[in-house]
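Here's the structure we're looking at; comments come further down.
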Amino acid sequence: MRRILIFSLAVLLLAATALEAQDRTTPASQGARFSSGLLLGYSSGFGVEAFGVASNFAEGFPLQARLGLGFTSVDAGSPPDARRVFINNATNGIPEKAGQTWDFSLDVGYPVNLFSMNRAFVVGGVRYARFKGNFKYVGGNEDFDVKSSHWGIGGALQSYFPMGGRFDLVLNAGLDYFFSSTLTGHDTAYAPDGTAVNPREDYTYTDADAAIGQPKFRPILMLGMNYRF
């Protein structure tokens, strides 16, 4: 996965460099403005986000629209607890785990003046995330996924620092909150309203929620680059 992220960043930088060389002598266009970039950093784990921003829709209109698509490597949860809640009480095998989240964000940004940050925006909007935690028990003949999908809300402070030409250094600090959702694994499912499909013993959604590391509160601190078209 890291090779993919490094490759994506390299492609973005090469494409932006080519556009910069091509448009170096072209006057800034009037009307709507667009930019895109890539962020790396902490998002309840190592995360990467590709984003696009549109602004200047009308003269004097201060708001901007922002779309983001992110991937984060997260803690899947507790392998022993996940096994008990979703499969059985067996304890054999060496546990391994891996978690990931794909998420989509749609934000509206408003410019603010803070300290010496000349181009800072407070942004807020909706989130949608898909979580998958994999639990494997080497030697125990068990390998299963727990999945969930979540809607959420979030906000952040984003600041842009010019680097020369059309490039900006971007700092993004924020917090997202995701609503509870049904957890599905193996042939078992637990819903927040208390309903369950093929539950194990007397386990409930509370037990499944405690065992699995699906998104809830997500602090964000990321750094990256932006290219203004």
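The values are calculated or read from the model by the stated rules, or taken from the named source; none is laboratory data. A quick note: this is a predicted structure, and the numbers were derived from the prediction, not measured. Every residue, glycine as well, gets a Cβ built from its backbone with ideal geometry; the counts of neighbours run over all protein chains shown. Note: areas computed on protein heavy atoms with side chains; ligands, DNA, RNA excluded. Shrake-Rupley method; radii C 1.70, N 1.55, O 1.52, S 1.80 Å.
The table below gives the values:
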| quantity | calculated |
| --- | --- |
| Residue ranges of strands (runs of 3 or more DSSP E) in the stretch 29-81 with at least 2 members out of contact with any Pro (no Cβ under 8 Å at 6 or more places or on another chain), buried (at least 16 other Cβ atoms within 10 Å of the Cβ) and polar (S, T, N, Q) | 33-43, 64-74 |
| Complete set of residues in the stretch 184-216 that are open to solvent by 70 Å² or more (accessible area, probe 1.4 Å), modelled with pLDDT of 95 or more and within 17 Å of Ala76 (Cβ to Cβ) | Ala210, Lys216 |
| Checking Ala21 against (1) within 26 Å of Gly164 (Cβ to Cβ); (2) of a type in the set (A, V, I, L, M); (3) modelled with pLDDT of 85 or more, the condition it does not meet | (3) |
| Residue that is closer than 23 Å to Pro62 by Cα, without any contact (Cβ under 8 Å) to a residue 60 or more places away in the chain and under 18 Å from the mean Cα position of the chain (by Cα), where the choices are Val126, Val112 | Val126 |
| Qualifying position, being open to solvent by less than 10 Å² (accessible area, probe 1.4 Å), touching a residue at least 40 places away in the same chain (Cβ under 8 Å) and not in a loop (DSSP other than H, G, I, E, B), among Gly154, Gly133 | Gly133 |
| Failed item, numbered, when Ser181 is tested on (1) in a strand (DSSP E or B); (2) crowded, with 17+ Cβ neighbours inside 10 Å | (1) |
| Output for the stretch 33-87, where each listed residue is farther than 30 Å from Asn141 by Cα, among the aliphatic types (A, V, I, L, M) and either free of Cβ contacts under 8 Å to residues at least 24 places away in the same chain or in contact with a helix residue (DSSP H, G or I) (Cβ under 9 Å, 6 or more places away or on another chain) (or both) | Leu38, Leu40, Val48, Ala50, Ala54, Ala58 |
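Rundown of residues vs (1) in contact with a strand residue (DSSP E or B) (Cβ under 9 Å, 6 or more places away or on another chain); (2) in a strand (DSSP E or B); (3) over 21 Å from Phe115 (Cα atoms), yes/no style:
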site: Gln158; (1), (2), (3): yes, yes, no
site: Met163; (1), (2), (3): yes, yes, no
site: Asp168; (1), (2), (3): yes, yes, no
site: Gly194; (1), (2), (3): no, no, yes
site: Asp209; (1), (2), (3): yes, no, yes
